[in-house]
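Only the coordinates and a few stated rules stand behind these numbers; no lab work does. Owing to the predicted nature of the structure, the values given are computational and were not obtained by experimental measurement. Backbone-built Cβ (ideal geometry, glycine too); neighbour counts: all protein chains shown.
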Amino acid sequence: MTASLQHPGYDPERLLCVAEKMPCRVSQAGTLLSLMGEPAQYSYPSIFLYGHRSTGKSHVINTLLMDLELPHATVSCVECVSVGLMFERVLLALFGPDTSTLLPRSPSLSDFVRIYRQQAPLSPANQTRYIVIEKAELLRDMDSNLLPVLVRLQELVDDNVTVILLSEIVWDRFRPNTGCFEPLILYFPDYSKGDLQQILSQDIHPSYSPELYSAFINILLGVFYSVCRDLRELRHLVRTQHAQTPAGSGSDTNLKESDTHKLWRNIEPHLKKAMQTVYLRDVSSECSDVVFLSSGLSAHAHVELPYYSKFLLIAAYLASYNPARTDRRFFLKHHGKIKKTNFLKKHEKTSNHLLGPKPFPLDRLLAIFYSVVDSRVAPSASVFSQISSLVTLQLLTQLGHDDQLDAPKYKCAVALDFIRAISRTVNFDIVKYLYDFL
Amino acid sequence: HLQVQTLLRERLCHQQLPQRPEGVDSQHKHLMELLKRTAVHGESNSVLIIGPRGTGKTQLLRCVLAELLAEEDVDKTLLQVHLNGLLQTDDRIALKEITRQLSLENVVGDQVFGSFAENLAFLLEALKKGDRSSSRPVLFILDEFDLFAHHKNQTLLYNLLDVSQSAQTPVAVVGLTCRLDVLELLEKRVKSRFSHRQIHLLPSLSFSQYLQAVQAQLHLPDTTFPDTTFCYDWNASLKVDKSVEAVLLRHFNSTKDFRSLHRLLMAILCRVSVNNPTIKPADLLDASRLLSADAMTNVLHGLSILELCLVIAMKHLNDIYDGEPFNLQMVYNEFKRFLQRKSNSLYNFELPVVMKAFEHLQQLEVVRPVDAAAAVAARAQREYQLVRLMLDHSQIMEALQKYPQCPTDVKQWAASAFG
């Protein structure tokens, strides 16, 4: 379906070029164009575009403004650490380099508006000026008066200017307490599966035929679509997975229906494995080949700890996830029965494994450690220093102030699978000692 | 048809002044009288114009000013200072702006010299030296008046109102604000110097007046418009029928002010093009639907299936635990229970993948951490941080209806936690 962009104020050939650059976004571009109107006409003071990441908001706006050669200034809030940077950029883009030097050091909004008002009649606008602000959600964290002024900039500077805000987050979260001028809100819908297929097939790889490539993309989409619909992520995946497909299936020149089946069988296990590492961006694209040659474990499992450190970690895990009153039952030879009162029975629903680790004092850790370690251990500095190195490795987290030297508190920051693997290496059955698995 | 766009855009977007704003005749007269007393008779005054956003306070003031300045002698002698609470966030900046706008002697080009105290003393002296007969009246217009009340010690307000009380240079202080309780914000000494004159602009149109206003906004002037046949056709097509009335009634019931009306009309105006040169009721329906669509439901439409499942799991947790905050581990647990029931191997994802989806939801502000500062501090173990879901039941169910190719078992799961 190729709807075309039409607008009387702009050259139709240029519009055709523009429409080709944005494959599935022609209707949104049409709406924007009709809002912008002819270059000489006034447009609504502010427009708010929202939509998911990689739905083409910046792309459409920037293509429209640049190819139709409209005066505009594009600013990204991520780059503007201070407000002054934003003002400088805008003045530079709209009025030229000399005006941005007119701004005083650490300019306020008042200075910006004043200089704009001075410059506007000097270069009279027969075209609407546009200020595009990306990642507008960061405006909320900047000065509180910045957002209300930007949405009504047209009336404050008395000039034909429109501010376009692009964001992922809906407008309801932007509204200040006492209200502000409401912009016109436009939604950029996400791409459908067919759209994604069409767009991804446009990056043609030279060594593959188009049909094979589109079959490959189909398979990739089938695996990843339920998890991720972000165009940029999918493009990254296509690029990295391309290197992984065995060369044999790629160089087939005679393609039949059965070949797609072969392709599927070859690629599918690679894609499933990619879900574990490449999709999560644990590894960068350069070393993704190395990862696939190895067994595919993530870096986390390659930690080697000394013998006592392992027991310290196990003791820390037990201290974090067992309530203190149950220590007696697990670690003493002659314990009495623990009576469960009514209160305890009612509140046992959420296991500690859902709520997270609890902090424990050093004494408790050492008490559990001494009872868990099978040989007799003398309390020496080497044991204590291993606790500090566990904190440095971020397997334990230290809570409380650094000044509390006599009673430090810790929390265990390790997952159940990891601690199980470690306790297997020292022949310790940790599940028997966990309260939640009784 | 080009001229239609130009004309209407001027009216709707650029807030062109109407000849006479509707429905505010008494306020217009009141303000006109006050300003005339300052400008012509040399009497000092202060007044506050109060009204919710979009009801036309600035428009009223500009109309009155335009009418006032139409008189020759007023135009020559009246000095105006326009300040805005959003721009002049500090008394220092405000004072510099006043000095600039009045072109006092300590302004060279654009630079204002001297410290804050010096400037203030200079300004007050300049204002106090005059008298009723020989000095020019000054009109101070303070937009977003409530923001000036947040400055330190309210020095600017105190001084301006003080000057307006003492009989020296005729000074009029006009404040515009959207807060109805603005007087509570003023300090005692400032409040006592204020004349307590308030002009309230409350939207009090009835529905039939509203309909008339809509037609008036879209009406093309017969006399000045070049293409008379087009103009006639256009005005003829502005008849109100049942569907149009229903849509406008819904709009009227949610908000009566003119700004949202202008937004609606602007959205309709965009559909006017060479291909369809007149406005049809269908345009109005479309525009209304576009503007009143729930934003969060739109956002939910673009989520992946895994993220949608997480949202449903959170909804169930909210139902079971009565809105208590939860963390990712609990949500994952709930999701795994669903998977066990359905014996579906399609969605068997590992915790890191689920965590990435969860973080995406956090980025979209569908879920928000309960304690934002602690969330930033504790980078490790994000799966145990407590969060809250920012959607309610109806939004989720509506999103599920519109979700493209939603698997039926997911829909059934959403409908009941045990299905």
- Could you run the Karplus curve 6.51 cos²θ - 1.76 cosθ + 1.60 with θ = phi - 60° over segment A:38-44 and give me ³J(HN,Hα) per residue in whole Hz, x for Gly and Pro? 5, x, 7, 7, 6, 10, 4
- Item | Integer Hz, Karplus 6.51/-1.76/1.60 couplings in order for segment A:221-236, x for Gly and Pro | 5, x, 7, 9, 5, 6, 9, 9, 10, 6, 4, 5, 4, 5, 4, 4
- Report, by chain and number, residues whose modeled amide H sits under 5 Å from the one on A:T74, excluding near sequence neighbours (fewer than 5 apart, same chain). A:V132
- Note on the structure: Largest fluctuation, A:V383, A:V132, A:V26 only, Gaussian network model of chain A with Cα springs under 10 angstrom, belongs to A:V383
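When the Kirkwood radius is taken over all Cα pairs of the protein assembly as shown, what Stokes-Einstein diffusion coefficient follows at 25 °C and 0.890 mPa s, in µm²/s?
Calculated translational D: 76 µm²/s.
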- Message: How would segment A:146-189 be classified by its alpha-carbon gyration tensor: rounded, prolate or oblate, with rounded meaning a/c under 1.5 and the a/b versus b/c comparison settling the rest?
- Response: oblate
- What angle do you read, to the nearest 10 degrees and between 0 and 90, between the alpha-carbon axis of helix B:116-129 and the longest principal axis of chain B? 40
- Return one number: the angle in degrees, 0 to 90 and rounded to the nearest 10, between the long axis of the Cα atoms of helix A:83-95 and the longest principal axis of the Cα atoms of chain A. 30
- For residues of A:220-229, the mean tally of beta carbons on other chains within 10 Å: 4
- Note down the nm distance, to one decimal, between modelled labels 7 Å out along Cα→Cβ at B:A282 and at A:L399. 6.4
- Message: Once R0 is set to 56 Å, what does the formula 1/(1 + (r/R0)^6) return for the Cβ-Cβ distance between A:D158 and B:M390, expressed as a FRET efficiency to the nearest 0.05?
- Response: 0.90
- Query: Mind checking the angle between helix B:351-363 and chain B's longest principal axis? C-alpha axes, 0 to 90 degrees, to the nearest 10.
  - Reply: 20
- Counting only residues 5 or more places away or on other chains, whose amide H sits under 5 Å from the amide H of A:K409 once H atoms are built in the peptide plane? A:L399
- Note on the structure: Using alpha-carbon positions, the gyration tensor of chain B gives root eigenvalues a ≥ b ≥ c; with a/c under 1.5 called rounded, otherwise prolate if a/b exceeds b/c, else oblate, the class is oblate
- Message: I'd like the Karplus ³J(HN,Hα) series for segment A:421-428: coefficients 6.51, -1.76, 1.60, θ = phi - 60°, whole numbers in Hz, and an x wherever there's a Gly or Pro.
- Response: 4, 5, 5, 5, 5, 9, 6, 10
- In the protein assembly as shown the DSSP beta bridges are antiparallel at a rate, in percent to nearest 5, of 25
- Once you average over the residues of B:295-304, how many Cβ atoms of partner chains fall within 10 Å of each Cβ? 6
- Search the structure for amide H atoms under 5 Å from the amide H of B:V387, placed 1.01 Å from N in the peptide plane, and list their residues when 5 or more places away or on another chain. B:F326, B:N327, B:V370
- Item | Choice from A:Q398, A:Q276, A:Q198 showing the highest fluctuation, given a GNM over chain A with Cα pairs closer than 10 Å | A:Q398
- Rounded to two decimals, what is Rg over Rh for segment A:1-47 when you use alpha-carbon atoms and the Kirkwood radius? 0.98
- Item | Pairwise FRET efficiency - B:Q198 versus B:E125, Cβ, R0 = 30 Å, nearest 0.05 | 0.45
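Jot down the per residue volume, in cubic angstrom and as a whole number, of the convex hull over the alpha-carbon atoms of chain A.
It is 249 Å³ per residue.
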- With springs only between Cα atoms under 10 Å apart, run a GNM on chain A and tell me which of A:S382, A:S309, A:S54 wobbles the most. A:S382
- Task: Report the FRET efficiency, 1/(1 + (r/R0)^6), for A:Y307 and B:L346, where r is their Cβ-Cβ distance and R0 is 56 Å, rounded to 0.05.
- Result: 0.85
- Note on the structure: The computed P(r) of segment B:231-278 puts the percent of Cα pairs beyond 12 Å at 71
- Query: Among the lysines, which have Cα under 20 Å from the Cα of B:K280 when same-chain residues fewer than 8 positions away are ignored?
  - Reply: B:K239, B:K242
- Which whole number in µm²/s is D for segment A:69-195 by Stokes-Einstein, with the Kirkwood Rh taken over Cα pairs at 37 °C and 0.692 mPa s? 211
- Query: Within straight cross-link reach of B:K57, meaning Cα distance under 16 Å, which lysines are found once same-chain residues fewer than 8 apart are removed?
  - Reply: B:K29, B:K256
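Translational diffusion coefficient of segment B:271-405 at 20 °C, 1.002 mPa s, Stokes-Einstein with Kirkwood Rh over Cα pairs, in µm²/s as a whole number.
On the way: Rh = 17.0 Å.
D, rounded to a whole number, is 126 µm²/s.
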- Query: When the C-alpha atoms of segment B:142-276 are aligned to their principal axes, what extent does each axis show, in angstrom, from largest down?
  - Reply: 61, 34, 24
- Item | Rounded to 5, percent antiparallel among DSSP beta bridges of chain B | 20
